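Chemist: Could you have a look at this structure, given as structure tokens, before my questions?
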């Protein structure tokens, strides 16, 4: 029996293909991983977060949806966060300006298929970014947001907001997200706990 040969793509091949593709792929050291479509609740939560951050950070920071990629330096990885916030001048990978090299805040909306990855490996990749200060993990099963904040010593502190907490403070950006606004129009019926 012959072993199947796996084609390992270069970063240049990946970017050329990805820029023409209708489907998003993350790139991990030469291998591609297709991004699954998002649920209605996922999209509502992302849209609500982008709206609220965009209003609060107007003229201070740029808020990007999930179509912008981030290249994680020294890892051979390109990933797509759900929401990316950059304050100050963006650092881009190349002149196409569709791949960022840094971010201040990253938000991921959790799903059953991505939660473990976003809590572990993906968070580890993000921590390699120079300006990265805060990470939000947002549940789509219940009103719950976990926040990871990098302190001055470089250690990460975790806190959370939920049903009984009116907002989560994003300290590094000097703003807050209201829990009710984040979950506006989100329906939790028939979702597994």
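A short reminder: the numbers here are calculations on the coordinates, not readings from a lab. Bear in mind the structure is a predicted one, so any value in this text is a computation, not a measurement. Quick reminder, even Gly has a Cβ in these numbers, built from the backbone with ideal geometry, and neighbours come from all protein chains shown.
Chemist: Which helices (runs of 4 or more DSSP H) does the stretch 115-193 wholly contain that include 2 or more residues that are closer than 21 Å to residue 50 by Cα and in contact with a helix residue (DSSP H, G or I) (Cβ under 9 Å, 6 or more places away or on another chain)?
Modeler: Passing ranges, in order: 179-182.
Chemist: Would you mind finding the one in 49, 45 that is within 12 Å of the chain's Cα centre (by Cα), touching a residue at least 40 places away in the same chain (Cβ under 8 Å) and not in a loop (DSSP other than H, G, I, E, B)?
Modeler: 49
Chemist: Can I ask one more? Can you give me the number of residues within the stretch 92-103 that are in a loop (DSSP other than H, G, I, E, B), under 22 Å from residue 43 (Cα atoms) and touching a residue at least 60 places away in the same chain (Cβ under 8 Å)?
Modeler: Selection size over the stretch 92-103: 1.
Chemist: Given 62, 71, which one is assigned to a strand (DSSP E or B), touching a residue at least 12 places away in the same chain (Cβ under 8 Å) and farther than 22 Å from residue 174 by Cβ?
Modeler: Every option except 71 fails the conditions.
Chemist: Hey, residue 15 hits all of (1) without any contact (Cβ under 8 Å) to a residue 60 or more places away in the chain; (2) buried (at least 19 other Cβ atoms within 10 Å of the Cβ); (3) over 16 Å from the mean Cα position of the chain (by Cα) but one; which does it fall short on?
Modeler: The number of the failed condition is (1).
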